[in-house]
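Engineer: Structure below; questions to follow.
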Amino acid sequence: MSDTHQDTEYGAFPWDIPATRPDRPLSKAMERLYSNYITPRPEDNPLFTSFKYTRISGFDYGAEDGRVSRRDPSKIICENGKYYIWYTKRDTVSAPRGAQACTETIPSTDWDLSDIWYATSEDGFHWQEKGLAVGRPDKPKLGWRSVCTPDILVWKGRYYLYYQAFEEPSGLKGDHCPVSVSVADSPDGPWTPCGDAIIPNGAPGEWDQFSIHGPYPIVIDNKIYIYYKAAFGDRPDYLVGNGVAIADDPLGPFVKHPFNPVLNSCHETTVFRFGKGVAAFAIRNGIESNTIQYSPDGINFDIAAVTALMPVGAGPYIPDVFHSEGEGQGFTWGLSHFCDHDKPDTKFSFLGRFDCDLRNQMPRSNIANNTEIKWHPDVCFSQSLPEEIKKARAQQARQHALANHTRDKQ
Ligand code: AAL
């Protein structure tokens, strides 16, 4: 045996990755492979997936100058032989101008002065915009300034749209709003607003005191679980976590879980029953960004997979989303939103399609095996180093090199 080999009774780690933990000492990282994840190989782990993206047709963004925007799609449901989706639509006289320059007609942010629209599709790639679902009520009713970021619940034959309801331009003090709900007997409406905050903000000093964002209802054990996101703590140290509020009836009362927040990272809520438990995306913002997490109870989540390029504001089509019995089967596609952050003056968002393989069954498609994402170089270089940091680092590098040189010569 060469002296580069460990000379122990166990020998080196085997070439064929054992499916279960081998009976031998392991490094922490290899230990984790067996203890943290459902299987050691990503292709066998039903909660590992990569994501593929496709542009969709049917939506008109005008001159793409920031006046028309569509973002934050809901989950997709299948009704009347079609797929339905709801989303934030803004159609304003100008692109967003920020909280200081906004008016009754000029938006502060991309989701200010917005309404909730819906579209249907027969194949998930071509969509037809059907019209307004829930508009802004008259001032001073809740949501008069903007209604946005909707999600859908189907419960006992009725349809419930939950959404953010703003009473001031987003960005004025922060992105402050509670969640409201509208009800309909058909996915085509008409929708009746319930008028009140269905999930109110937390009391002063509580983590969700200012914002309840991205309401996302699913059904677990015959109860309605609405997951939501709030950013808390002062910048730059704030966290974006997800909490959950639970009710027996779609109109509440919703009781926030005492363990909230239940996810320590994740800007947009995407949660689904999976197997015997509940899985969640931790998409962006936070130490556990780019992970897919699993909990046996919808409350206590662990990282189940680390991935990349996750869909932002994902609205998946989950065939069994509102079933309460049996194992959750997962999903393979949905819509998400895309936003060109480089263009603040013409900022708008648009909807696109993501595909993945989060089915709770084997064998799975190649999408599930793909752990190597090939980024186009533009993706990296678009995350450019701020000019002042570039100058400072160049200066430090010159001084460091000079100091090294001087020392070497001594
Ligand atoms: C989204 C969501 C919420 C925020 C804004 C619109 O991605 O987090 O909906 O308020 O951005």
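The values are calculated or read from the model by the stated rules, or taken from the named source; none is laboratory data. This structure is a prediction, so every number in the text was calculated from the model and none was measured. A quick note on method: Cβ atoms are made from the backbone with ideal geometry, for glycine too, and the neighbour counts reach across all protein chains shown.
Engineer: In the range 146-168, what count of residues is obtained for those that are surrounded by fewer than 24 Cβ atoms within 10 Å (Cβ to Cβ) and either over 24 Å from Asp320 (Cβ atoms) or at pLDDT below 95 (or both)?
Structural biologist: Within the range 146-168, residues that are surrounded by fewer than 24 Cβ atoms within 10 Å (Cβ to Cβ) and either over 24 Å from Asp320 (Cβ atoms) or at pLDDT below 95 (or both) number 2.
Engineer: Do we find a residue being over 30 Å from Pro107 (Cα atoms) and part of a helix (DSSP H, G or I) anywhere in the range 354-367?
Structural biologist: Yes, that holds for at least one residue.
Engineer: Could we say that Thr192 is within 16 Å of the ligand (Cβ to nearest atom), in the same structural domain as Lys256 (by TED's automatic domain parsing) and at pLDDT 95 or above here?
Structural biologist: When the stated conditions are applied, Thr192 does not pass them.
Engineer: To continue, here is another question. Restricting the search to the range 291-314, which residues are part of a loop (DSSP other than H, G, I, E, B), under 26 Å from Arg353 (Cα atoms) and at pLDDT 95 or above?
Structural biologist: The answer is Met310, Pro311, Val312, Gly313, Ala314.
Engineer: How many residues are within 16 Å of the ligand (Cβ to nearest atom) and touching a Phe, Trp or Tyr at 6+ places or on another chain (Cβ under 7 Å) if we restrict to the range 247-285?
Structural biologist: 7
Engineer: Further question on the same structure: Any idea which residue in the range 344-367 is surrounded by the fewest Cβ atoms within 10 Å (Cβ to Cβ), counting only those that are in contact (Cβ under 8 Å) with a residue 60 or more places away in the chain and of a type in the set (Gly, Ala, Ser)?
Structural biologist: Within the range 344-367, the match that is surrounded by the fewest Cβ atoms within 10 Å (Cβ to Cβ) is Gly352.
Engineer: Sticking with this structure for a sec: Evaluate the following for Asp112: is it touching a Cys at 6+ places or on another chain (Cβ under 7 Å) and either surrounded by 20 or more Cβ atoms within 10 Å (Cβ to Cβ) or over 22 Å from Asn369 (Cα atoms) (or both)?
Structural biologist: Yes, satisfied.
Engineer: What are the residues in the range 127-175 that are among the aromatic types (Phe, Trp, Tyr), in contact (Cβ under 8 Å) with a residue 60 or more places away in the chain and either touching a Ser or Thr at 6+ places or on another chain (Cβ under 8 Å) or not assigned by TED's automatic domain parsing to the domain that holds Ile56 (or both), if any?
Structural biologist: Result: Trp127, Tyr160, Tyr162.
Engineer: I want to confirm something. Restricting to the range 322-343 and keeping residues that are free of Cβ contacts under 8 Å to residues at least 24 places away in the same chain and either within 16 Å of the ligand (Cβ to nearest atom) or in contact with a His (Cβ under 7 Å, 6 or more places away or on another chain) (or both), which single residue is farthest from Ser57 (Cα to Cα)?
Structural biologist: Going through the qualifying residues, I end up with His341.
Engineer: Here is a further query. Looking only at the range 245-269, how many residues end up being touching a Ser or Thr at 6+ places or on another chain (Cβ under 9 Å) and either of a type in the set (Ser, Thr, Tyr) or at pLDDT 95 or above (or both)?
Structural biologist: Summing the residues that are touching a Ser or Thr at 6+ places or on another chain (Cβ under 9 Å) and either of a type in the set (Ser, Thr, Tyr) or at pLDDT 95 or above (or both) in the range 245-269 gives 3.
Engineer: Now a separate question. I want to confirm something. Restricting to the range 171-192 and keeping residues that are in contact with a Lys or Arg (Cβ under 8 Å, 6 or more places away or on another chain) and not hydrophobic (A, V, I, L, M, F, W, C), which single residue is surrounded by the most Cβ atoms within 10 Å (Cβ to Cβ)?
Structural biologist: Filtering the range 171-192 for residues that are in contact with a Lys or Arg (Cβ under 8 Å, 6 or more places away or on another chain) and not hydrophobic (A, V, I, L, M, F, W, C), the one surrounded by the most Cβ atoms within 10 Å (Cβ to Cβ) comes out as Asp188.
Engineer: Of (1) assigned to a loop (DSSP other than H, G, I, E, B); (2) away from the ligand (no atom under 16 Å from the Cβ), Ile77 satisfies all except one. Which?
Structural biologist: All conditions are met except number (1).
Engineer: I need every pair where a residue in the range 218-246 that is touching a residue at least 24 places away in the same chain (Cβ under 8 Å) and among the acidic types (Asp, Glu) has its Cβ under 8 Å from the Cβ of a residue that is outside any strand (DSSP E or B) and surrounded by fewer than 23 Cβ atoms within 10 Å (Cβ to Cβ), sequence separation at least 6 or different chains.
Structural biologist: Partner pairs satisfying both residue conditions: Asp221/Ser324.
Engineer: Search the range 1-47 for residues being among the small types (Gly, Ala, Ser) and part of a loop (DSSP other than H, G, I, E, B), and hand back the single one that is modelled with the highest pLDDT.
Structural biologist: Restricting to residues being among the small types (Gly, Ala, Ser) and part of a loop (DSSP other than H, G, I, E, B), the top hit is Ser27.
Engineer: Filter the range 133-154 down to the residues that are touching a strand residue (DSSP E or B) at 6+ places or on another chain (Cβ under 6 Å) and more than 27 Å from Phe272 (Cα to Cα), then identify the one that is nearest to the ligand (Cβ to nearest atom).
Structural biologist: Ser146
Yes/no per residue for (1) within 16 Å of the ligand (Cβ to nearest atom); (2) surrounded by fewer than 20 Cβ atoms within 10 Å (Cβ to Cβ); (3) assigned to a strand (DSSP E or B):
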position: Phe59; (1), (2), (3): no, yes, no
position: Ala63; (1), (2), (3): no, yes, no
position: Ser69; (1), (2), (3): yes, no, yes
position: Trp86; (1), (2), (3): yes, no, yes
position: Cys102; (1), (2), (3): yes, no, no
position: Tyr118; (1), (2), (3): no, no, yes
position: Lys130; (1), (2), (3): no, yes, yes
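Engineer: Would you be able to tell me the number of residues in the range 259-288 that are in a loop (DSSP other than H, G, I, E, B) and closer than 24 Å to Tyr87 by Cα?
Structural biologist: Final tally of qualifying residues: 9.
Engineer: State the number of residues belonging to the range 200-245 that are of a type in the set (Ser, Thr, Tyr) and either part of a loop (DSSP other than H, G, I, E, B) or away from the ligand (no atom under 16 Å from the Cβ) (or both).
Structural biologist: Total satisfying the criteria: 2.
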